[in-house]
Amino acid sequence: MEWEVVIGLEIHVQLSTTTKIFSGASTAFGAEPNTQACAVDLALPGTLPVFNENALRMAVMFGLAVNAEIGKRSVFERKNYFYPDLPKGYQTTQLAEPIVGPGFVDIETEEGVQRRVRLHHAHLEEDAGKSLHEDFHGMSGIDLNRAGTPLVEIVSEPDMRSSKEAAAYARKIHAIVTTLGICDGNMAEGSMRCDCNVSVRPKGQEEYGTRTELKNINSFRFIERAIDTEVARQIDLIEDGGTVLQETRLYDPDKNQTRSMRSKEDANDYRYFPCPDLLPVVIDDSYIEAIRETLPELPDARRARFIEEYKLSDYDAGVLSGYSAQADYYEAVVKACGDTKLAANWVMGELAKYLNQNDTDIKQSPVSADQLGGLLERIKDDTISGNIAKKVFETMWTDGGSADEIIEAKGLKQVTDTGAIEKIVDDVIANADKQVEQYKAAEPEKRGKMLGFFMGQVMKATGGKANPGAVTGILKKKLDALCD
Amino acid sequence: MFDKTLAELAAGLRSGEFTSTELTKAWLERIKAEDSKYNSYITVTEEEALAQAKAADEAFAAGTAGPFTGLPIAHKDLFCTQGVRTSCASKMLDNFISPYDGTMVAKFKQAGAVMLGKTNMDEFAMGGSNESSYYGPARNPWDTDRVPGGSSGGSGAAVAARLAPAATGSDTGGSIRQPAALCGITGLKPTYGRVSRYGMVAFASSLDQIGPMAHTAEDCALMLNVMAGFDPMDSTSVDREVPDYTVTLNEPLTGLKIGLPKEYFTDTLDPQVAKKVRNAVAEFEKMGATVKEVSLPRTELSIPAYYIIAPAEASSNLSRFDGVRYGYRCEDPKDLEDMYKRSRGEGFGEEVKRRIMVGTYALCAGYYDAYYNKAQQIRRLIQQDFAKVLEEVDVIMAPTTPHPAFKLGEKNNDPVSMYMEDIYTLSLNLAGLPGMSVPCGLVNGLPVGLQIIGDHFAEAKLLNVAHQFQQATDWHKQAPAGI
Amino acid sequence: MSLDRSDVERIAHLARLQIDESDIPAYTENLSNILNLIDQMQQTDTSGVAPLANPLDAVQRLRADTVTETNQREALQKAAPAVEDGLFLVPKVIE
């Protein structure tokens, strides 16, 4: 049987406010445990919440960026349940009247599949703390620094039909929130976390199959793998005559398996009701329009501009505009070197390779856009070849320094002096009788390919510094002269 | 000294008749000698009080003293006081030393007040008799076999027994006005949002309000001058100018329009109490006020609406007491769930557990619309009834309670009959209106309260009306036998 | 409206309250009585009436996004039943 996969995502985005959503404690990541958990965050008796204006502004920015209706009246509600990382015994969230109503984003997978994904809504809520399970004499330790960090939870409709679409959607949301500057996008630190609702149904069937929810996935790659794994499990299960249970499952990337979260099976009743310590948030058109004025260029617009202004391919423009920090970096390189295609190749190629290998975000790249731009300029003006540039880049990455400093220090400047090159070429030809004979014996149209050997020898002799264009010309001239 | 009002004590401090240290020592001595009869204090803060009194005397010497400098008061034990146990009369918080001062407490500190101690109350302010206190009931100074009312029963008893010149209280459904009535003192529940709730351990957030309890309306005005005002830490606090409540106390009441709600004068009301209230109203007529009958048709509905909203909010507000970050944790929990259930099961008393359960049930999926939402709708209807009446009259007058103080233990096993005693006070909290209780007579030797109700932010008017009554009568000067 | 034992047990579990077996009948009766009292309001027609959540129908005020709180861990953890390395300790959390 042919199966159709149905996926909806709930993405939690940590807003990059300075302080918590309801208290004046800092949200900075990585502090000592509980040093950023104030009396309000600890839910000390008698403490009360006051709403952070920046969290509101950021949520509205997001809503505008995804073509959504903005809730002119939104209401915080309490979701009641007990958990040690939830100090008040309820999470303050929004349910019936969220800040962001229905909207949509357009996505495109690497294979070029395009789709419009509808957003059901997005709401503001507070993050919980963390339970640390290292062994404290058989107990768990609770760190509440994260408690009260503002989140926007973005709930999609079940509009995605493959794991690739789900990942593309998550990437698009990532691109939007980082472009807006409302989230640092650092998935490893949990700044963006994904719950995937996954079900399968026979192709052509109208109603949805039973879905499972995959919790807390924190990379695009894991979104794809977790969904693929879960889809395979569901199909196997159904084809073996079983039924899918509606449940929450956890993806284990090491085993590439999903497993049921037993502790969540205990049916809860969250007893939502409007939080009486907070009042309805009411905003008007002028507030919304003032925020609209401040919106930066969004990923879709930037992509279109990259194609138009920089003459990039659809694919390159899509990749480069997909992450705002990368797009910013790319544009800075273009500004420094003036070559849009060379800049694109290097940002998506060599730089991306190093960032990946070192698990580094482009914002923390040890090679700045100016440094890279300087390097590309030296390729353009034939000071160095592309291959030498890679060596310079490696030095730049590990030891720092400008392209010119490295080229100078290491004596990598390209040899363009034709006299010097001619001398080396003569030496190479004089010491390669066999290859010269073969060259002379070959059909004239095949001779071009035979230049490679001589080229290699010249480069070897010059330590790669000879200008490849000049070498080719001289070699051809001298060898062809021997053939006459 | 012990029969003086705050205003009189303030005058004595200013004239140098006594120092704050002398005053404070005298009150502390009296508490030590007498409170075993009334159990009105949970904690007496002698050291802090003497330090504050010393600072007050220095302020007088330096010429920096304000109107409240050096005046001793007591705080209900659900207001967070830095470095001092804040127990809410619960085993749950028996060991809780608050690391911070609530806004109202801080304002009194700033004003130079002296804190004598923390007063007894119903556990987490849930009750109308003070019998749910983990520390045992406070007793009514007029008859120690009777309840002082609740939940601010310790504050009521302490002021009535002259163990504090005045005290703070909180009122979620009558918890200032009812003990004030039953103890023969004056109490004011301000408009919702007038006094910051930051640092008041929440019972029902949308109903809770802090207010003064003292012998006179003038003293309440002095206290409200300190307590009232906008607080950026409380989202429900109102950003609205605070008048000087003492300057309008003496305005004449000629032409004052008084409404008497017919629904408050029914069979539920003890006829002797009714008589005292009507006599009080007659006093106002002598002063030139006019009286008319008005109708608050949904009065009875305030009980069911209140007993949904208050427990629902409380069930959620009290979830933070989980034994993780502060408060009681059971011995040797075998796992997380056991820790939650036993810490809460052992840490909370019966009435608190009962209300948490009612509230939990009312908020469950499937009951939300029928209970919580319905109660909030009725709440609006009740508010509309008041609004309509308050367009016709300046103040509404009514009994504070249907009966004088009942006996300890009398209603212990019947929560519903206890709840019915709140019938005249609950609706003000639902509507967010201010109300006062003023002593207006004795029935069988027990005090009875006249309730004065006004429009939102009409505290100055209520205090003016009550003060004029106290200029014409001396019910507020009566003291229990032996005091 | 009257509750039975299983309702009381379910509510007590949701509210994480340990209730003695012997107290369940009393709770059942008391809660049922309270619910009966509350049920009086069901006769009132409230269709079209907006619920009143805040007595002043006020709206939320906003707080500036600036840090006002400093690290007070030591003072704030004094009241904690069990603390180690700055963490609040609880019986093992199982996910």
The number of residues in segment A:32-59 that are among the hydrophobic types (A, V, I, L, M, F, W, C), within 8 Å of chain C (Cβ to nearest Cβ) and assigned to a helix (DSSP H, G or I) is 2
Scan segment A:259-308 for residues that are modelled with pLDDT of 95 or more and part of a strand (DSSP E or B) and report the count. 4
For A:N80, all conditions in the list (1) open to solvent by less than 10 Å² (accessible area, probe 1.4 Å); (2) more than 9 Å from every other protein chain (Cβ to nearest Cβ); (3) under 30 Å from C:L89 (Cα atoms) hold save one; what is the number of the exception? (2)
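Against the condition within 14 Å of another protein chain (Cβ to nearest Cβ), touching a residue at least 60 places away in the same chain (Cβ under 8 Å) and surrounded by fewer than 21 Cβ atoms within 10 Å (Cβ to Cβ), how does B:E300 come out, does it pass? If you could, list the steps in order and put the result at the bottom.
Working: within 14 Å of another protein chain (Cβ to nearest Cβ): yes; touching a residue at least 60 places away in the same chain (Cβ under 8 Å): yes; surrounded by fewer than 21 Cβ atoms within 10 Å (Cβ to Cβ): yes.
So B:E300 passes the test.
Scan A:F29, A:F62 and give me the residue that is more than 14 Å from chain B (Cβ to nearest Cβ) and modelled with pLDDT under 95. Spell out the reasoning first.
Numbers: A:F62 fails: modelled with pLDDT under 95.
Answer to the selection: A:F29.
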Condition met for A:E422 (part of a helix (DSSP H, G or I) and not assigned by the TED database to the domain that holds A:A466): no
Selection count where residues are more than 30 Å from A:N52 (Cα to Cα) and within 14 Å of chain A (Cβ to nearest Cβ), scope segment B:229-245: 0
Which residue is surrounded by the fewest Cβ atoms within 10 Å (Cβ to Cβ), if the candidates are limited to segment A:105-136 and must be in a strand (DSSP E or B) and of a type in the set (V, I, T)? A:I107
Answer with yes or no whether B:T86 is within 14 Å of chain A (Cβ to nearest Cβ) and open to solvent by 10 Å² or more (accessible area, probe 1.4 Å). no
Matching residues, segment A:1-19, being more than 25 Å from the chain's Cα centre (by Cα) and assigned to a loop (DSSP other than H, G, I, E, B): A:M1, A:E2
Going through segment B:95-109 in order, the residues found to be open to solvent by less than 10 Å² (accessible area, probe 1.4 Å), under 12 Å from B:L78 (Cα atoms) and either within 13 Å of chain C (Cβ to nearest Cβ) or hydrophobic (A, V, I, L, M, F, W, C) (or both) are B:F96, B:S98, B:M104, B:V105
So, B:K257, is that one in contact with a Leu (Cβ under 9 Å, 6 or more places away or on another chain), within 17 Å of B:M397 (Cα to Cα) and open to solvent by 30 Å² or more (accessible area, probe 1.4 Å) or not? no
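Counting just the residues of segment A:270-296 that are among the aliphatic types (A, V, I, L, M) and away from chain B (no Cβ under 14 Å), which one comes out most open to solvent (accessible area, probe 1.4 Å)? First the steps, then the outcome.
So in segment A:270-296, the residues among the aliphatic types (A, V, I, L, M) come out as A:278-279, A:281-283, A:288, A:290-291, A:295.
Now drop any that are not away from chain B (no Cβ under 14 Å), which leaves A:283, A:288, A:290-291, A:295.
Details: A:I283: 17, A:I288: 10, A:A290: 57, A:I291: 12, A:L295: 41 Å².
Filtering first and then ranking leaves A:A290.
Can you give me the number of residues within segment A:172-230 that are in a helix (DSSP H, G or I), β-branched (V, I, T) and touching a residue at least 60 places away in the same chain (Cβ under 8 Å)? Give the derivation first.
Here is the first cut: in segment A:172-230, the ones in a helix (DSSP H, G or I) are A:172-180, A:220-230.
Subset that is β-branched (V, I, T): A:173, A:176-179, A:223, A:227, A:229.
From what is left, the residues that are touching a residue at least 60 places away in the same chain (Cβ under 8 Å) are A:173, A:176-179, A:223, A:227.
The total comes to 7.
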So if I check each of A:H174, A:H133, A:H120, A:H137, which one is closer than 12 Å to A:G8 by Cα and either in the same structural domain as A:P280 (by the TED database) or polar (S, T, N, Q) (or both)? A:H120
Residues of segment A:83-107 being more than 14 Å from chain B (Cβ to nearest Cβ) and polar (S, T, N, Q), which ones? A:Q94
Expected output for segment C:35-47 (first residue more than 7 Å from every other protein chain (Cβ to nearest Cβ), partner β-branched (V, I, T), Cβ below 9 Å, 6+ apart or cross-chain) is C:L35/B:V358; C:N36/B:V416
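Filter the helices (runs of 4 or more DSSP H) completely within segment B:366-469 down to those with at least 2 residues that are open to solvent by 10 Å² or more (accessible area, probe 1.4 Å) and either in contact (Cβ under 8 Å) with a residue 24 or more places away in the chain or more than 14 Å from chain C (Cβ to nearest Cβ) (or both).
Values: elements: B:374-392, B:415-420, B:426-431.
Once the helices (runs of 4 or more DSSP H) in segment B:366-469 are filtered for at least 2 residues that are open to solvent by 10 Å² or more (accessible area, probe 1.4 Å) and either in contact (Cβ under 8 Å) with a residue 24 or more places away in the chain or more than 14 Å from chain C (Cβ to nearest Cβ) (or both), what remains is B:374-392, B:415-420.
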Members of segment C:9-22 that are closer than 26 Å to B:V324 by Cα and more than 7 Å from chain B (Cβ to nearest Cβ): C:E9, C:R10, C:H13, C:D20, C:E21
Where in chain C are there helices (runs of 4 or more DSSP H), lying wholly inside it, with at least 2 residues that are under 23 Å from the mean Cα position of the chain (by Cα) and loosely packed, with under 15 Cβ neighbours inside 10 Å? C:5-14, C:24-38
Anything in segment B:322-345 that is part of a helix (DSSP H, G or I) and facing chain C (nearest Cβ under 7 Å)? List them, or say none. B:L336, B:M339, B:Y340, B:K341, B:R342, B:R344, B:G345
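Among the residues in segment A:240-255, are any outside any loop (DSSP other than H, G, I, E, B), open to solvent by 70 Å² or more (accessible area, probe 1.4 Å) and farther than 30 Å from A:D359 by Cα?
Taking segment A:240-255 and keeping what is outside any loop (DSSP other than H, G, I, E, B), we get A:248-252.
Narrowing the set further to residues that are open to solvent by 70 Å² or more (accessible area, probe 1.4 Å) leaves none.
No; the residues of segment A:240-255 include none that is outside any loop (DSSP other than H, G, I, E, B), open to solvent by 70 Å² or more (accessible area, probe 1.4 Å) and farther than 30 Å from A:D359 by Cα.
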Please pick out the residue among B:T290, B:T266, B:T248 that is more than 14 Å from chain A (Cβ to nearest Cβ) and either touching a helix residue (DSSP H, G or I) at 6+ places or on another chain (Cβ under 8 Å) or in contact (Cβ under 8 Å) with a residue 40 or more places away in the chain (or both). B:T248
Filter result (hydrophobic (A, V, I, L, M, F, W, C), open to solvent by less than 10 Å² (accessible area, probe 1.4 Å) and part of a loop (DSSP other than H, G, I, E, B)) within segment A:87-104: A:I99
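Got a sec? Which of B:E331, B:E346, B:E293 is among the acidic types (D, E), closer than 30 Å to B:R278 by Cα and over 22 Å from the mean Cα position of the chain (by Cα)? Full working, then the answer.
Details: B:E331 fails: closer than 30 Å to B:R278 by Cα; B:E346 fails: closer than 30 Å to B:R278 by Cα.
Exactly one of B:E331, B:E346, B:E293 is among the acidic types (D, E), closer than 30 Å to B:R278 by Cα and over 22 Å from the mean Cα position of the chain (by Cα), namely B:E293.
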Which of the residues spanning segment A:163-197 are among the hydroxyl-bearing types (S, T, Y) and out of contact with any strand residue (DSSP E or B) (no Cβ under 6 Å at 6 or more places or on another chain)? A:S163, A:T178, A:T179
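Residue-wise test of (1) open to solvent by 50 Å² or more (accessible area, probe 1.4 Å); (2) of a type in the set (G, A, S).
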site: A:L298; (1), (2): no, no
site: A:A304; (1), (2): yes, yes
site: A:K311; (1), (2): yes, no
site: A:V333; (1), (2): no, no
site: A:I362; (1), (2): no, no
Return the pairs, sorted by first residue and then second, in which the second residue is of a type in the set (D, E, K, R) and open to solvent by 70 Å² or more (accessible area, probe 1.4 Å), the first residue lies in segment C:65-85 and is more than 7 Å from every other protein chain (Cβ to nearest Cβ), the beta carbons are less than 7 Å apart, and the residues are 6+ apart or on different chains. none
Looking only at segment B:346-364, count how many residues are facing chain A (nearest Cβ under 9 Å) and β-branched (V, I, T). 1
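The values are calculated or read from the model by the stated rules, or taken from the named source; none is laboratory data. This is a predicted model, so every value here is computed, not measured. All Cβ positions, glycine included, derive from the backbone under ideal geometry; neighbour counts span all protein chains shown. Just the protein is used for accessible areas: all its heavy atoms, side chains included, with ligands, DNA and RNA removed. Shrake-Rupley method; radii C 1.70, N 1.55, O 1.52, S 1.80 Å.
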